[in-house]
Amino acid sequence: TTHSSMDALSSKQRIMAQEAELDALTGMFNNLLTGCQNKCLSTNHHDGELTKSESVCLDRCAAKYFDIHERIGEKLQDMQKAQMQMNSTMQQ
Amino acid sequence: TTHSSMDALSSKQRIMAQEAELDALTGMFNNLLTGCQNKCLSTNHHDGELTKSESVCLDRCAAKYFDIHERIGEKLQDMQKAQMQMNSTMQQ
Amino acid sequence: TTHSSMDALSSKQRIMAQEAELDALTGMFNNLLTGCQNKCLSTNHHDGELTKSESVCLDRCAAKYFDIHERIGEKLQDMQKAQMQMNSTMQQ
Amino acid sequence: LSLCLVMDLSHLNDAERRQLEGLFEKKQMQDFIELYNGLTKRCFDQCVNDFTSRTVSGKESRCISYCVDKFFKASQRLGQRFAEHQETTGSGGPQ
Amino acid sequence: LSLCLVMDLSHLNDAERRQLEGLFEKKQMQDFIELYNGLTKRCFDQCVNDFTSRTVSGKESRCISYCVDKFFKASQRLGQRFAEHQETTGSGGPQ
Amino acid sequence: LSLCLVMDLSHLNDAERRQLEGLFEKKQMQDFIELYNGLTKRCFDQCVNDFTSRTVSGKESRCISYCVDKFFKASQRLGQRFAEHQETTGSGGPQ
């Protein structure tokens, strides 16, 4: 579905969409890093190794983060659609 | 006074100034959101509604934020003018 | 050594490198400001002056920040070189 | 999300306004991305603190949902206050 | 650091891909700068809290070294989870 | 606020330097905006914690004024240390 909707766009718009996707992925990954490191890593550094429990925590934290990121994404898309409809009504 | 000073600028400079104004407004609004939500919203979410006291707090928080933003803006403008005068003296 | 490596670059790349350096310096300076102000300044403002102990703390904080920034920079450059070698191996 | 509507563009000509519109479109995309990632970060930080499981619990799920709802209600309220403030102070901010 | 590898670019033609590569190069530079400054900030905040001297102590120095090592190990692990997630969900994220 | 003065531009020719100047001008505008919003955020967070009224109190007002003054004095001091550091290490930082 993504590709068919992409075909309708101009070259410039496709590049802009790809740039936006990279920005979105970068932002998401940075938040994942910061969030899960803050929640899982001890700040009392005794050595440079991840403990077993830190590693397990990071994996679970990532799984929960992806799940919640998707849920919020769906909610936002619903709201965005509603707002775009409102905007197009207002412009008429 | 804003418009008359704007007329002296080139088209490119007017666009840049407008872009800067949008960036300034966006930054200010984002700080208002984060600041007043942190100060007024309980992080213990029992439902999705704003309580009466949270709503009142948000309104007062916004009023204080605008006031302080303006005061600091005036102070910065004074300092900026002083620095620009210093710079122009140094360039001579 | 910086200048001789710069000479091999095109005009566009030199501007981009300079822009990157400015971004790096700006980011570093902003982190220095935030980090050392958070560590050294009392948030209980009794007047607008820096106390003697705050001033001394800022100086020491800056010295330590520069030292650590450099150490981490060296470590990162080593890792980046290793990754670039790995990338060039993968592209062959 | 619609700060562009708040700004006074009466001193620009049509060509300048068209150029700005392209710029605004790009910024709105970036704003949406920041909103999305910022909201996820905020609600994740507030609601998820148990890592004995990799599945989001019912309690966490409700907390996320309430957190998002409250965020939007608070944003809407603050957005109204912001718009009122901009109206009374003109284009506002240093130029 | 290599999020570009994760993205699906199959719907772009060669010219568009070349244009994106230039953009990616610039972003990688910016990402490196942010990583560098963010890592320094993080480890400095966690490890340096004694300002009775202007010299980094042995204890602080070890803490910094461990903090950096742990940061990269955690980033690598989360990066793997992220790549796995992107593979299963396709190009992912709102378009 | 004047990091551009700290950088060594001797390896650029005149045309390149002129191009950079335009870029620096834009960055200085952005830096000023970030400074303004960051300073407001910092001092607001530290000084305003009473929401029983919508008017800034005398105590809050004094706190804000001291906070801004201290911020600039600390920034100036750290800026001096930064300039000294840049001078001794050359253009510094990874290239």
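No lab work stands behind these numbers, since they all come straight from the coordinates. On a predicted model such as this, the values are computed, not experimentally measured, just so you know. Cβ coordinates were reconstructed from backbone atoms using ideal geometry, including for glycine residues, and neighbour counts include every protein chain displayed.
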Just name one of E:GLN28, E:SER75, E:HIS11: the one whose Cα is farthest towards the positive end of the charge dipole of chain E (beta-carbon charges, Lys/Arg +1, Asp/Glu -1). E:SER75
Find how many whole Å separate the alpha carbon centroid of segment C:27-83 from the alpha carbon centroid of segment D:7-68. 31
To the nearest 20 debye, what charge dipole does segment D:14-89 have about its Cα centre, counting +1 at the Cβ of each Lys and Arg and -1 at the Cβ of each Asp and Glu? 360
Let me know the charge dipole size of chain A about its Cα centre in debye, to the nearest 20, where only the beta-carbon of Lys, Arg (+1) and Asp, Glu (-1) is charged. 260
For the table A:LYS64/F:LYS70; B:LYS12/D:LYS70; E:LYS59/F:LYS26; E:LYS59/F:LYS59; C:LYS52/F:LYS41, the rows whose alpha-carbon distance is greater than 32 Å are A:LYS64/F:LYS70; B:LYS12/D:LYS70; E:LYS59/F:LYS26; E:LYS59/F:LYS59
Inter-copy separations for B:LYS12, label at 7 Å along Cα-Cβ, nm, ascending: 1.8, 1.8
Roughly how many nanometres apart are two label points built 7 Å out from the Cα toward the Cβ at E:ASP14 and F:ARG18? 3.7
Computed helical MRE - 222 nm, chain D, DSSP H runs ≥ 4 contributing -39500 (n - 2.57), nearest 500: -25500 deg cm²/dmol
Inter-label distance for A:SER11 and E:THR88, nm, one decimal - labels placed 7 Å from Cα along Cα-to-Cβ: 3.9
Expressed as an acute angle from 0 to 90° and rounded to the nearest 10, what is the orientation of the C-alpha long axis of helix C:52-91 relative to the principal long axis of chain C? 20
Simple SL model, points at 7 angstrom along Cα→Cβ for E:GLN28 and B:MET84; separation in nm is 4.2
To the nearest 0.05, what FRET efficiency results for E:ASP50 and F:ASN49 with a Förster distance of 30 Å applied to their C-beta separation? 0.50
With a 10 Å Cβ neighbour count serving as the proxy for reagent exposure, in which order, fewest first, do E:GLU60, B:GLU70, F:GLU21 appear? F:GLU21, B:GLU70, E:GLU60
What number, rounded to the nearest 500 deg cm²/dmol, is the helix-based mean residue ellipticity at 222 nm of chain A, given -39500 (n - 2.57) per DSSP H run of at least four residues and division by all its residues? -29500 deg cm²/dmol
Highest-fluctuation residue, A:SER42, A:SER11, A:SER55 considered, GNM on chain A with Cα pairs under 10 Å: A:SER11
Mind checking the alpha-carbon convex hull of chain D and giving the volume per residue in Å³? 119
Could you list F:VAL56, F:VAL68 so that the one with the fewest beta carbons within 10 Å of its beta carbon is first and the one with the most is last? F:VAL56, F:VAL68
Measure nothing but the geometry: give the 0 to 90° angle between the long axis through the Cα atoms of A:11-40 and the longest principal axis through the Cα atoms of chain A, rounded to 10°. 30
Rounded tilt (10° steps) of D:58-89 against the dominant C-alpha axis of chain D: 20
For F:ASP45, which inter-copy label distances result when the label point lies 7 Å beyond Cα on the Cα-to-Cβ vector, reported in nm to one decimal and in ascending order? 0.9, 0.9
Using the charge dipole of segment C:2-91 (Lys, Arg: +1 at Cβ; Asp, Glu: -1 at Cβ; taken about the Cα centre), state which of C:SER10, C:GLN77, C:ASN30 has its Cα farthest towards the positive end. C:GLN77
